[in-house]
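J.: Questions regarding the structure given below will be posed in turn.
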Amino acid sequence: MPPFPRFALSAVLCTTLFEGLTIAGRLLSGGSAAEWIEKTEPPLWLQVHHMFWAIPVAAIAWAAWERFPRVGAALGGIAMGLVASDLLHHFVVLPLWVGNTGWHWP
């Protein structure tokens, strides 16, 4: 598969997967993210929006794109999926589910 379709497919699949995991985590925790953080005191890397995990993944994708276009395209799609999932969660899912965007900083 050429790089761009691989990138697009990876982005769509990863958006779906990451958002599904985010919703499952919220359902399994039985409360809001803030309540979960207060109750479990997870490390900071688990408290940040998953959009921010796209930064190192995108950097690796960019570095790999020319030499390993398939890997670069797949990683670029994963990075885009992380960003799209976080935006979808905060600006579509949460307003429909709880009535606000839930946008906060750890």
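The values are calculated or read from the model by the stated rules, or taken from the named source; none is laboratory data. The shown structure was predicted, so the numbers you read here are calculated from the model rather than taken from an experiment. No Cβ is skipped: glycine too gets one built from the backbone with ideal geometry, and neighbour counts run over all protein chains shown.
J.: Out of segment 54-70, which residues are of a type outside the set (Gly, Ala, Ser) and at pLDDT 90 or above?
T.: Matches in segment 54-70: 55, 56, 57, 60, 62, 67, 68.
J.: A further question on this structure: Quick one: count up the residues across segment 56-77 that are touching a Leu at 6+ places or on another chain (Cβ under 9 Å) and among the β-branched types (Val, Ile, Thr).
T.: 2
J.: Among the helices (runs of 4 or more DSSP H) contained in segment 1-69, which hold 1 or more residues that are surrounded by fewer than 17 Cβ atoms within 10 Å (Cβ to Cβ) and in contact (Cβ under 8 Å) with a residue 60 or more places away in the chain? Give the steps one after another, and end with the answer.
T.: Working: elements: 3-29, 33-40, 44-47, 54-65.
Where helices (runs of 4 or more DSSP H) fall fully within segment 1-69 and carry at least 1 residues being surrounded by fewer than 17 Cβ atoms within 10 Å (Cβ to Cβ) and in contact (Cβ under 8 Å) with a residue 60 or more places away in the chain, they are 3-29, 33-40, 44-47.
J.: Is it the case that segment 87-103 has a residue that's surrounded by fewer than 16 Cβ atoms within 10 Å (Cβ to Cβ), at pLDDT below 85, out of contact with any strand residue (DSSP E or B) (no Cβ under 8 Å at 6 or more places or on another chain) and part of a helix (DSSP H, G or I)?
T.: Yes, there is a match, as at least one residue in segment 87-103 is surrounded by fewer than 16 Cβ atoms within 10 Å (Cβ to Cβ), at pLDDT below 85, out of contact with any strand residue (DSSP E or B) (no Cβ under 8 Å at 6 or more places or on another chain) and part of a helix (DSSP H, G or I).
J.: Right, next: Condition first: within 14 Å of residue 8 (Cα to Cα) and over 12 Å from the mean Cα position of the chain (by Cα). Now tell me which residues in segment 62-77 satisfy that.
T.: Scanning segment 62-77 gives 69, 70, 71, 72, 73, 74, 75, 76.
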